[in-house]
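Peer 1: Quick one: this structure, given as structure tokens, is what I'll be asking you about.
The values are calculated or read from the model by the stated rules, or taken from the named source; none is laboratory data. All figures in this text were calculated on a predicted structure; none of them were measured in a lab. Note: ideal-geometry Cβ built from the backbone for every residue, glycine included; neighbour counts use all protein chains shown.
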Amino acid sequence: MRVFPTRYLAFIIVGFIFALSLMLALLFNGSWWLVVLSGALTAVGISDVLQTKRSVLRNYPILAHFRYMFESVRPEIRQYFLEDDAEANPFSRNQRSLVYQRAKQAIDKRPFGTQMDVYQSDYEWINHSIVPAKVGSHDFRITVGADRAQPYSASIFNISAMSFGALSANAIRALNQGAQKGGFMHDTGEGSISRYHRPDDASEAGGDLVWEIGSGYFGCRNNDGSFSPEKFAINANLPQVKMIEVKLSQGAKPGHGGVLPGAKVSIEIATARGVPQGVDCISPSSHSAFDTPIGLLHFIEQLRNLSGGKPTGFKLAVGHPWEFFGIVKAMLQTGITPDFIVIDGGEGGTGAAPVEFTDHVGVPLQEALLLAHNTLVGAKLRDKVKIGASGKIVTAFDIVRTLALGADWCNSARGFMFALGCIQSQSCHTDRCPTGIATQDALRQRALVVPDKAERVANFHRNTLKALAELIAAAGLQHPSELKPHHLVRRVSANQVKLASALLPYLEVGQLLTEANPGSDLPEVFGKYWPISQAESFHPIH
């Protein structure tokens, strides 16, 4: 372990210069200007280490001030020499700034009009009403699993899946405490429920959890890696766990397993995941508990029963259409329906993934969401299954767009990371995160002060939903559930715009069930792949 990490080097050098110059000035009547200067810088460094608001300053005393100085002049530099503020790589400066402002309760208004090119293709907006509505509350909620023994009233904006291990202990603590303050749910990620997802004091309530079960069955596995119903039941019946989510794939690296090297499997990670300490922790690319659509639904039913009737569903990044169609056909054949499906867009984030997967594998959120929504409508199942959606959702308009296209609620991962103080350094995979969020380095994560960041998480959620309330009120609506495709308008060329409902094929209720000749009058993706999908296999009928 390094006693003096290199990120403290500037602070250490300045302190040494101060001590040396003070000694020389006292002993040899030397110049005092260096004493004053180095003393002032040393005081700044001490203040940086002791303050609790800015994680980067705590991790990089003195040095981080140069970053903030650059940030203050960067708008002009960017305007004249570099990319504009709206360029998203992967999130724009404007997007990040908006999250920071809402998390810190700062002014989130902007002068001088939009910076967006409103005549560029793909520009989108929501039409407003001459008679705006009056929205009484911004605490928008939906009920998931209304017919189950333990239905859940969920916020329509929640924390997406991020595991302990990928995130630090302090980050998990801050997210969960923020979720508890704001009354919304926190997805555990496939790394299972760690002690940091739970309150330190047994008398306190923790934030609502969605327990994600991945292919490694962490937290509910036998020694050979297979699923353990007994271990699952123990965690699933915790009062803090409100829903169960089976992860089939994730947007950033669908179809790709993972290995956490044994050197990184600490005693805490091993305990949370139920794996041996110091041994490679493997997430297979597919599940062993089922291998057919029907098997998936029986597994979901098993989990629902073991949890005492808590809402249970699955998450996936859409790939081959016939695979999702096969799952829907299995619902029709067995009568078993998940309580929810979370669609993870191909633009989703991750701590680490091969470049080819992040850039070129997985259907983007809007197309994937439309496919899932329309399939359930066409199979007359949409009223039985809620849909969550995740993939670069950080603003109220992102939520509006996603709900208008068919989702019931939205999840955000990177948005809440920004609320924690993430600066998009994109060093998540190096264990050298400068803000203490995506690291297991004890000194680095010390910079993340949990009570302060938990408050920011709750602020970001609350202020985003307040902005959403203003948007839907302007559209003349009372609740986001009233948003439909015809509320969303998209530019398709410099001189042509269309409603989203006109741009995209929408099915009628039960249309997939009533076609005399399946595929004859259906949109191409349904006409081609619905007939060859099957409930008995994820493979198409040849």
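Peer 1: When residues of the range 342-361 are filtered for being under 21 Å from residue 324 (Cβ atoms) and either touching a helix residue (DSSP H, G or I) at 6+ places or on another chain (Cβ under 6 Å) or surrounded by fewer than 13 Cβ atoms within 10 Å (Cβ to Cβ) (or both), how many remain?
Peer 2: Of the residues in the range 342-361, 3 are under 21 Å from residue 324 (Cβ atoms) and either touching a helix residue (DSSP H, G or I) at 6+ places or on another chain (Cβ under 6 Å) or surrounded by fewer than 13 Cβ atoms within 10 Å (Cβ to Cβ) (or both).
Peer 1: Same structure again: Given the range 467-542, what helices (runs of 4 or more DSSP H) lie entirely inside it while holding 1 or more residues that are modelled with pLDDT under 90 and in contact with a His (Cβ under 7 Å, 6 or more places away or on another chain)?
Peer 2: In the range 467-542, the matching helices (runs of 4 or more DSSP H) lie at 500-503.
Peer 1: Can I ask one more? Return yes or no: is residue 453 under 30 Å from residue 54 (Cβ atoms), touching a residue at least 40 places away in the same chain (Cβ under 8 Å), touching a Leu at 6+ places or on another chain (Cβ under 6 Å) and assigned to a helix (DSSP H, G or I)?
Peer 2: yes
Peer 1: Exactly one of these conditions fails for residue 303: (1) touching a Gly at 6+ places or on another chain (Cβ under 6 Å); (2) more than 22 Å from residue 439 (Cβ to Cβ). Give me its number.
Peer 2: For residue 303, the exception is condition (1).
Peer 1: Let me ask something else about it. Here are some residues: 259, 318, 275, 265. Which one is touching a Phe, Trp or Tyr at 6+ places or on another chain (Cβ under 9 Å), within 19 Å of residue 217 (Cα to Cα) and among the β-branched types (Val, Ile, Thr)?
Peer 2: The conditions single out 275.
Listed here are the residues, each with its yes/no results for (1) assigned by TED's automatic domain parsing to the domain that holds residue 318; (2) more than 30 Å from residue 151 (Cβ to Cβ); (3) acidic (Asp, Glu); (4) at pLDDT 95 or above.
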{"residue": "211", "(1), (2), (3), (4)": "yes, no, no, yes"}
{"residue": "229", "(1), (2), (3), (4)": "yes, no, no, yes"}
{"residue": "246", "(1), (2), (3), (4)": "yes, no, no, yes"}
{"residue": "249", "(1), (2), (3), (4)": "yes, no, no, no"}
{"residue": "267", "(1), (2), (3), (4)": "yes, yes, no, no"}
{"residue": "278", "(1), (2), (3), (4)": "yes, yes, no, no"}
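Peer 1: Go through the range 271-299 and count every residue that is in a helix (DSSP H, G or I), touching a strand residue (DSSP E or B) at 6+ places or on another chain (Cβ under 8 Å) and without any contact (Cβ under 8 Å) to a residue 40 or more places away in the chain.
Peer 2: Of the residues in that region, 0 qualify.
Peer 1: Follow-up. Quick one: is residue 510 surrounded by fewer than 18 Cβ atoms within 10 Å (Cβ to Cβ), in the same structural domain as residue 157 (by TED's automatic domain parsing) and over 25 Å from the mean Cα position of the chain (by Cα)?
Peer 2: No: the conditions fail for residue 510.
Peer 1: For residue 473, state whether it is among the hydrophobic types (A, V, I, L, M, F, W, C), over 20 Å from residue 369 (Cβ atoms), touching a residue at least 24 places away in the same chain (Cβ under 8 Å) and in the same structural domain as residue 383 (by TED's automatic domain parsing).
Peer 2: yes
Peer 1: I would also like to ask the following. Only residues that are in a strand (DSSP E or B), surrounded by fewer than 21 Cβ atoms within 10 Å (Cβ to Cβ) and polar (S, T, N, Q): list them for the range 136-171, please.
Peer 2: Listed by number, the residues that qualify are 143, 153, 155.
Peer 1: Does residue 190 meet the test of being in a loop (DSSP other than H, G, I, E, B), under 19 Å from the mean Cα position of the chain (by Cα) and under 25 Å from residue 386 (Cα atoms)?
Peer 2: Yes: the conditions hold for residue 190.
Peer 1: Starting from residues that are polar (S, T, N, Q) and farther than 23 Å from residue 365 by Cβ, keep the ones in the range 280-298 and report whichever is modelled with the lowest pLDDT.
Peer 2: It comes out as 288.
Peer 1: Just a yes or no: is a residue in the range 486-502 among the polar types (S, T, N, Q) and in the same structural domain as residue 178 (by TED's automatic domain parsing)?
Peer 2: no
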